[in-house]
1. With a 10 Å cut-off between alpha carbons and a GNM built on the chain, which of Ile131, Ile205, Ile98 moves the most?
2. Do any trypsin sites (Lys or Arg not before Pro) in segment 1-91 lie in a DSSP loop with no more than 13 other beta carbon atoms within 10 Å, and if so, which?
3. About the Cα centre, and with charges only on the beta carbon of Lys, Arg (+1) and Asp, Glu (-1), how big is the dipole of the chain? Nearest 20 debye, please.
4. In terms of modelled amide H atoms, which long-range or inter-chain residues lie less than 5 Å from the amide H of Asp156?
5. Roughly how many percent of the accessible protein surface of segment 30-289 is carbon and sulfur, given a 1.4 Å probe and a whole-percent answer?
6. Kirkwood Rh, the chain, all Cα pairs: how many Å?
7. For Asn276, which sequence-distant residues (separation of 5 or more, or a different chain) have an amide H within less than 5 Å of its own amide H, given hydrogens modelled in the peptide plane?
8. Residues with beta-carbon under 14 Å from that of Gly190, excluding Gly190: net charge, scoring Lys, Arg +1 and Asp, Glu -1?
Amino acid sequence: MGTEEKSTVKCSVCPRNCMTDRTLKTGFCSVGEKIKVARAAPHFWEEPCLSGEKGSGTVFFSGCNLGCVFCQNYGLSHDAFGKEVTEKELMKVFDALIKKGVHNLNLVTPTHYAPMLAKVLKEYNSPVPVIWNSSGYEKVETLKMLESLVDIYLPDLKYFDSAPALKYSGAEDYFEYASAAVLEMQRQVGTVELDENGIAKSGLIIRHMVLPGNISQAVKVFSWVRENLPEETYISVMRQYVPFGKAKEMPPIDRRLSAREYLIVKQKILALGFENCYFQSGEAAEESFIPNFDLEGVDL
Ligand code: SF4
């Protein structure tokens, strides 16, 4: 476990640096040493270059090292709902998805399993692109374990300022880590390359879910991206926020994003001159876009 010597089992995989012995108990991320998965199924609501016509092969991992108050997958991330799987069983889960014809393997919230997943991916040698779909709250040294094993990085860049990062995710240092992580991801995979059908083969796509009452974070995040990454960088500006969990009692994030807020963000981002932007329609804020976590695809 961890990025330390193998003889120690204290976990320092992510910026939380719990130093938890995950063979004995769970860390901040709510999981121990075993990989836990809550759902594995084709998903059709990712960005078009990932979902295509056959879907993105999402594998939702249990637990989370960030733990946002507004998490849309609360039972999964905070309560670590899911089933423990061995490395071989996880490879069978991957096989079953690939048999369904998915365009890629999309590892969702994988950060706290990085050392285990690096081992699995090395052995598995996936025939389709592997996506690392993370919160961005990651260490560069941990990401280095994934070099040449991950084809597409799909991180969030959730906050620029430390105040909302602390208030909503208990991670005052979020941007310090996430910005360094994104630069490392760019170094590893570069900008997006598409195949002849418009499906991503490799590259970095940065997501940001616009939070109600916090549109300045979107503008600051994408201004930073514009200054620090190539102009052809792919970005995805999400409007699917729905208040969940504690967020229901935390104004201003106790409501959905207004159409006006999203329009302001969209105009400001377009003015920054990005060439490759995904924007979402208003329908994206329907809860039906959030999958059921019922062990589909895991109980093989
Ligand atoms: S991965 Fe989990 S146990 Fe390890 S440092 Fe991060 S939160 Fe703590």
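1. Ile98
2. Passing both the DSSP loop test and the Cβ count: Lys6, Lys25.
3. Here the size comes out at about 500 debye.
4. It is Ser134, Ser135, Gly136, Arg207, by chain and number.
5. Here carbon and sulfur together make up 49 percent of the probe-accessible area.
6. 19.3
7. Close amide H contacts, sequence-distant or interchain: Ile235.
8. -4
The values are calculated or read from the model by the stated rules, or taken from the named source; none is laboratory data. None of these values were measured; they are calculated from a predicted model. Every residue, glycine among them, receives a Cβ derived from its backbone with ideal geometry; neighbour counts consider all protein chains shown. Calculation scope for accessible area: heavy atoms of the full protein, side chains included, ligands and nucleic acids excluded. Shrake-Rupley method; radii C 1.70, N 1.55, O 1.52, S 1.80 Å.
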